[in-house]
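Colleague: This is the structure I have questions about; it appears just below.
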Amino acid sequence: MTTSTSTVAPPAVETRHVPVRPPRRQGWLRRLPLLPALVFVVVVTQIPFLLTVWYSLQSWNLLHPGTKHFVGLRNYRTIFSDSIFRTAIGNTLLFTVAPVILSIVIGTCIALLLDRRVFGRGVLRTLIISPFLVMPAAAALVWKFTILDPVFGMLNYVLKPFGVHHVDWINTHSQATIITVLTWQWTPFMVLIVLAGLQSQSQDILEAARVDGAGAFRIFRSLTLPHLRPYLELGILLGSIYIVQAFDAIFMITSGGPGQKTTNLPYYIYEVAFRAFDIGRASAMGVVVVIATIVIATLALRLVSSLFSDEGMHR
Amino acid sequence: MNVGSTAVAVMSNRYRRRRLTVSVIAAGAVVTLALSACSSSKSSSGSSTGSSGSTTIKVAVVDNPLMTTIEKLTASGFSASHPNVKVKFVTLDENTLRDQVTKDVAAGGGQFDVVMIGPNDIPTWSKNGWIKDLTSYASDPNYDVNDIIKPIRDALSSSGKLYAVPFYGESSFLMYRKDLLQAAGQTMPANPTWQQVADIAKKLNNPSKGVSGICLRGKTGWGENLAALDTVVNTFGGQWFNMSWDPQLTSPAFQEAVTFYVNLIHDAGETGAANDGFNECLNNMEQGKSAMWYDATVAASTLDAPPSPIAGKLGFAPAPVVKTSASGWLWAWALSIEGSSKHADAAWQFMNWATSKDYIKYDAQKNGWAAVPPGTRVSTYQSPEYQKAAGDFAALTLKSIQSVDVNHPGVDPQPYSGIQYVGIPEFADLGTKVSQEMTAAIAGQESVSSALSKSQGYAQQVAQSYK
């Protein structure tokens, strides 16, 4: 990372003020303390990535030892004609966008409530945050067996008086199940971020607004929301980065099924790599995912950023 | 990655400093995503020789009841007499175990010394040198290898060499609650057909009391729902591939069999069948939530022995048939030594103990004769104590195992070996994909015909390399 930032940074600096280039030796002396970190980053990220690219050009299946050979771009052609891969892309988008939006909306609401002075606020906060602290695999098992099980599950038990009977939630509403579990898990994260934003808000301004006769909703819309903008952005960005990799919940609860309804990219790559043992094809998928994620993340970030700045700050 | 970091760097340059950190994390995260999926873990050998001269071996087993017993008995039964060998168990569910173990042997990871595998793995794994030849170890007269039931021994051998020793062996049969059948005025024929079983199941089905007519596997996994379903397919006259390796998943017989299975679950099966595998159905039976269960013969050892609440209430019938005379599957959970293991001798000491006649006697002492691992040794079936304790299912288990034909289980000849699986290395992936479709059909999320036509497509891709 450090290298690429420094290669791009100089032109920007030059446009702003007259460049005073330090002598070469001095520059290297300054960079010296950074080198161990740089080497470490290269070793743990760049080298494995290059290896992955190399693997993706091979026909390499662990189940057939001794048949590894170079095939060029054939793996890439295979995955783009693979219907499950396309399904997995759609599911990945669904399982990222829906939980992020839901958790940020619910998270903001909860944060607004927690920001008030209520009795037992400390205990409440701890309770609200707890889903985030439970290990994802353990949480998935609790959802699968304790809550959603068609025979012994609590949800069916609670809904029984309302005429809901023995619904097999996980298989009849598989996508909704995954979205719910992810939202449940990530809402506390959003609460934390938004709450930090709310607590950094100046009380003076809020009081002034009240004196001016602004109602609660008006204050929220015109003052609180613009103030929260960077926090919401951060929440959406971090949330997307982590949720796009959702694996535990899918692996534990639905195993990608029924059919391919809940197979997202991480899970499909896992299946190709560790069930079909097709390392070449799995690597090609990994490379495609990295490139696509970077492109989409860049564009989405710009879009989100410009939307917020048009609406919020300047009004 | 260069593309990525530059893109992110350009971005961070444009926006404020706060974003830089975020973008760094972003780039890092996407790369980790790709790599965590691609790189196979080359963890250092799990086994090691301790300074005191003792050897630690790592054993990977499936989380079925009999295997949990062995874990409990190891401390007193094995470690006491073999102080120099320390055994560490890794217990995983069936699907995860297969993925983990295959990854480990194929990549030569050496994470485990002793692994639990099935007959389907033997031909390829022995050819690839992933597991060690046990013939010379097993020739020890005290071990008495010829006492192992022949179809099981054959299934674990390749070109005359033994590659694994069975911890338990099984076929499949029908278990039913005698008391419930009697109360409903039904009798189970000596050799039931699937149609007869379906009729009885519908009569016994009583959702208002929370009792289903039959429990059938619906859980995704080729060793889960496909195991049961494939035996139904075989006896309906269907098969996966014909002699010229053309996939037959959309043939009328295959279609009829799957439709029958799915309809039987919908009409008289357990609630949430799409989640149920062996352990879930076992639980259902123990809780009295199902009246019949078609599954592995080994289940009887747990169900019909104390402390099971329904012990003594069970009747047993051969696997139901349609067009064939027998339809049970053949399976063994067997122990073998990884090719890359450095502790083969210590590993064999453990395997020898775990699959010996003495283990069976020891287990009987601790847990009663009915609960010992079945389907491995003829001597178990000759033991009067076992016949007395397990009389209801012992003879039928042995007969079921002996009546299988691994190379020709269905009506038409097949170019592969295997009853409830196709004996090719790609089947783990193909079978799982097809079983996902079957789960969707069982859950009512997809029609049988569309599930099968998708499955046919997956099978076509695999068949290409065999034509």
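Colleague: Of B:Leu134, B:Ile214, B:Asn225, which is farthest along the charge dipole of region B:124-251 in the positive direction, counting Lys and Arg as +1 and Asp and Glu as -1 at C-beta?
Modeller: The listed residue farthest towards the positive side: B:Ile214.
Colleague: How much mean residue ellipticity at 222 nm does chain A get from its helices, if each DSSP H run of length 4 or more adds -39500 (n - 2.57) and you divide by all residues, to the nearest 500 deg cm²/dmol?
Modeller: So the helix-based figure for chain A works out to -21000 deg cm²/dmol.
Colleague: Right, here's the next one. Which whole number gives the average, over all residues in B:95-101, of C-beta atoms from other chains lying within 10 Å of the residue C-beta?
Modeller: 2
Colleague: Per-residue Cβ counts within 10 Å, from other chains only, averaged over A:272-281: what number is that?
Modeller: Partner-chain Cβ atoms within 10 Å, mean over residues of A:272-281: 6.
Colleague: Could you identify which residue out of A:Phe49, A:Phe217, A:Phe251 has the top mean-square fluctuation in a GNM of chain A using Cα springs shorter than 10 Å?
Modeller: A:Phe217
Colleague: Can you give the FRET efficiency for B:Thr187 and B:Thr135, using 1/(1 + (r/R0)^6), R0 = 60 Å, r = Cβ-Cβ distance, to the nearest 0.05?
Modeller: E(calc), rounded to 0.05, equals 0.80.
Colleague: If the viscosity is 1.002 mPa s and the temperature 20 °C, what translational diffusion coefficient in µm²/s does Stokes-Einstein give for region B:84-195 when Rh comes from Kirkwood over Cα pairs?
Modeller: After rounding, the answer is 124 µm²/s.
Colleague: Taking springs between alpha-carbon atoms closer than 10 angstrom, which of A:Ser240, A:Ser222, A:Ser56 fluctuates most in the Gaussian network model of chain A?
Modeller: Ranking A:Ser240, A:Ser222, A:Ser56 by mean-square fluctuation puts A:Ser222 first.
Colleague: Straight-line reach from B:Lys209: which lysines have a Cα under 16 Å away, not including same-chain ones fewer than 8 places off?
Modeller: Output for B:Lys209: A:Lys160, B:Lys289.
Colleague: Additional query: Where nothing but the Cβ of Lys and Arg (+1) and of Asp and Glu (-1) is charged, how large is the charge dipole of chain A around its Cα centre, in debye to the nearest 20?
Modeller: Value, rounded to 20: 740 debye.
Colleague: Right, something else. In the protein assembly as shown, with Lys and Arg counted as +1 and Asp and Glu as -1 at Cβ, which of these residues, B:Gly339, B:Leu73, A:Gln58, has the Cα nearest the positive end of the dipole, that is, farthest along it?
Modeller: The one lying farthest along the dipole's positive direction is A:Gln58.
Colleague: Using r as the Cβ-Cβ distance of A:His69 and B:Gln464, and R0 as 22 Å, what FRET efficiency do you calculate, to the nearest 0.05?
Modeller: The computed FRET efficiency comes out at 0.80.
Colleague: Beyond 23 Å, what percent of the Cα pairs of region A:79-186 remain?
Modeller: So the pairs more than 23 Å apart make up 46 percent of the total in region A:79-186.
Colleague: Separate question: Nothing charged except the Cβ atoms of Lys and Arg (+1) and of Asp and Glu (-1): what's the magnitude of the dipole of the protein assembly as shown about its Cα centre? Round to the nearest 20 debye.
Modeller: 3040
Colleague: Of B:Lys72/B:Lys361; A:Lys68/B:Lys127; B:Lys150/B:Lys361; A:Lys144/B:Lys202; B:Lys161/B:Lys467; B:Lys361/B:Lys388, which pairs sit farther than 23 Å apart, going by alpha carbon to alpha carbon?
Modeller: Exceeds cut-off: A:Lys144/B:Lys202; B:Lys161/B:Lys467.
Colleague: Rounded to the nearest 500 deg cm²/dmol, what is the calculated helix-only ellipticity per residue at 222 nm for chain B, with -39500 (n - 2.57) per DSSP H run of length n ≥ 4?
Modeller: -13500 deg cm²/dmol
Colleague: Among B:Lys58, B:Lys178, A:Lys261, what is the fewest-to-most ranking by other Cβ atoms within 10 Å?
Modeller: Neighbour counts put them in this order, fewest first: B:Lys178, A:Lys261, B:Lys58.
Colleague: Could you please state, rounded to a whole Å, how far the C-alpha centre of region B:277-301 is from the C-alpha centre of region A:222-296?
Modeller: If we compute the Cα centre of each part, the gap is 37 Å.
Colleague: Just to be sure I understand the model, the point goes 7 Å from the Cα along the line to the Cβ. What's the resulting A:Ser306 to B:Asp267 distance in nm?
Modeller: It works out to 6.2 nm between the two label points.
Colleague: What are the principal axis extents of the Cα atoms in region B:175-262, in Å, biggest first?
Modeller: Taking the Cα atoms of region B:175-262, the three principal extents are 50, 27, 18 Å.
Colleague: Between A:Val295 and B:Ser54, what is the label-point separation in nm under the 7 Å Cα-to-beta-carbon projection?
Modeller: Spacing of the two 7 Å Cα→Cβ label points: 5.8 nm.
Colleague: What aspartates and glutamates could a cross-link reach from B:Lys86, if we take a straight Cα to Cα line under 19 Å and drop same-chain neighbours fewer than 8 places away?
Modeller: Once the sequence-local aspartates and glutamates are set aside, what remains near B:Lys86 is B:Glu71, B:Asp113, B:Glu338, B:Asp345.
Colleague: Rank the residues B:Asp140, B:Asp99 as a footprinting-exposure proxy: fewest other Cβ atoms within 10 Å of their Cβ go first.
Modeller: Going from sparsest to densest Cβ surroundings: B:Asp140, B:Asp99.
Colleague: Can you put B:Asp405, B:Asp304, B:Asp154 in order of Cβ neighbours within 10 angstrom, beginning with the fewest?
Modeller: Arranged by neighbour count, lowest to highest, B:Asp405, B:Asp304, B:Asp154 become B:Asp405, B:Asp154, B:Asp304.
Colleague: Here is a follow-up. Need the C-alpha centroid separation for region B:345-386 versus region A:56-125, integer Å.
Modeller: Centre-to-centre distance over Cα atoms comes out at 47 Å.
Colleague: Translational D (Stokes-Einstein, µm²/s) of chain B at 4 °C and 1.567 mPa s when Rh comes from the Kirkwood sum over C-alpha pairs?
Modeller: D, rounded to a whole number, is 55 µm²/s.
Colleague: Would you list, by chain and number, the aspartates and glutamates whose Cα falls below 19 Å from the Cα of B:Lys433, excluding same-chain residues fewer than 8 positions away?
Modeller: A:Asp82, A:Glu271, A:Asp278, B:Asp93, B:Glu94, B:Asp99, B:Asp121, B:Glu224, B:Asp230, B:Asp246, B:Asp276, B:Glu446
Colleague: Here is a further query. In square nanometres, what is the average projected area of the Cα convex hull of region B:309-349?
Modeller: With every direction weighted equally, the projected area is 6.8 nm².
Colleague: Which value in Å does the Kirkwood hydrodynamic radius of the protein assembly as shown take, with 1/r averaged over all unlike C-alpha pairs and then inverted?
Modeller: By the Kirkwood definition, the hydrodynamic radius is 29.3 Å.
Colleague: In angstroms, what radius of gyration and Dmax does region B:377-417 have, counting Cα atoms only?
Modeller: When restricted to the Cα atoms of region B:377-417, Rg and Dmax are 14.4, 42 Å.
All of the numbers you see were taken from the coordinates with simple rules; none came from a lab. As the structure is a prediction and not an experimental result, all values here were calculated from the model. Cβ atoms come from the backbone with ideal geometry, glycine included; neighbour counts cover every protein chain shown.
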